[in-house]
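Derivation of every value follows stated rules applied to the coordinates shown; laboratory data play no part. This one's a predicted model, so the numbers in the text were calculated from it and none came from an experiment. Cβ atoms come from the backbone with ideal geometry, glycine included; neighbour counts cover every protein chain shown.
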């Protein structure tokens, strides 16, 4: 209802719906993060947002898409049994290393059934970026993104807007460079605004 009202540009009523949801529903943390994001920036409710999801990484960390707000996210769906996925791995690794330390993350989502085989492959191939296992094409993340073939990759900007789906896109690094530069600019503005507020408070 809140999203529908936002599309109608009835922003006050939309904010009311998101506030009500946050007070009442306690079952889905990832939806809570998304509702809070819409409440803070109502214009995002009118955007083509990437579906919210939560996952546990290979090292046991709980993450969600909205917990990565402010960063460009590249989601890579793959599996150890997928030949084209293995062929694409050096490029994914190159991207992960090229943008290391910047507001950018790679999340590889495996469709492997065998947990130990997946973990062994990740370790042997030094896949040091975020890794999670979804379980074939019926896993919750794969269903949210409607993945029916792998490899499949999706780019999400710093606001959580779904930018692109691409397989074998030679120009992906150029697109990511622009999105990461924008994310860095937004982060700098936020930091400058926070510094200005603290300076003003200290002089009062």
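Relative to the dominant Cα principal axis of the chain, helix 83-98 is inclined by about 50°. Between residue 57 and residue 115, what length comes free when the chain is fully extended (0.36 nm per residue of separation minus the Cα-Cα distance, one decimal in nm)? Residue separation times 0.36 nm, minus the Cα-Cα distance, leaves 19.7 nm.
Of the residues 34, 119, the one with the fewest other Cβ atoms within 10 Å heads the list, and the complete ranking is 119, 34. Rounded, prolate or oblate: which fits region 1-46 when a ≥ b ≥ c are the square roots of the eigenvalues of the alpha-carbon gyration tensor, with rounded for a/c under 1.5 and prolate only if a/b beats b/c? Judged from the Cα gyration tensor, region 1-46 comes out prolate (a/c at least 1.5, a/b above b/c). Compared with the rule-of-thumb size 2.2 N^0.38 Å for a compact globular protein, region 49-204 has a Cα radius of gyration ratio of 1.14. The angle between the Cα long axis of helix 29-40 and the longest principal axis of the Cα atoms of the chain comes to about 40 degrees, rounded to the nearest 10. The packing ranking of peptides 61-72, 137-148, highest mean first, is 61-72, 137-148, where packing means the average number of other beta carbon atoms within 10 angstrom of each residue.
In degrees from 0 to 90, rounded to the nearest 10, what is the angle of the helix 115-124 Cα long axis to the longest principal axis of the chain? Helix 115-124 and the main axis of the chain meet at about 90 degrees.
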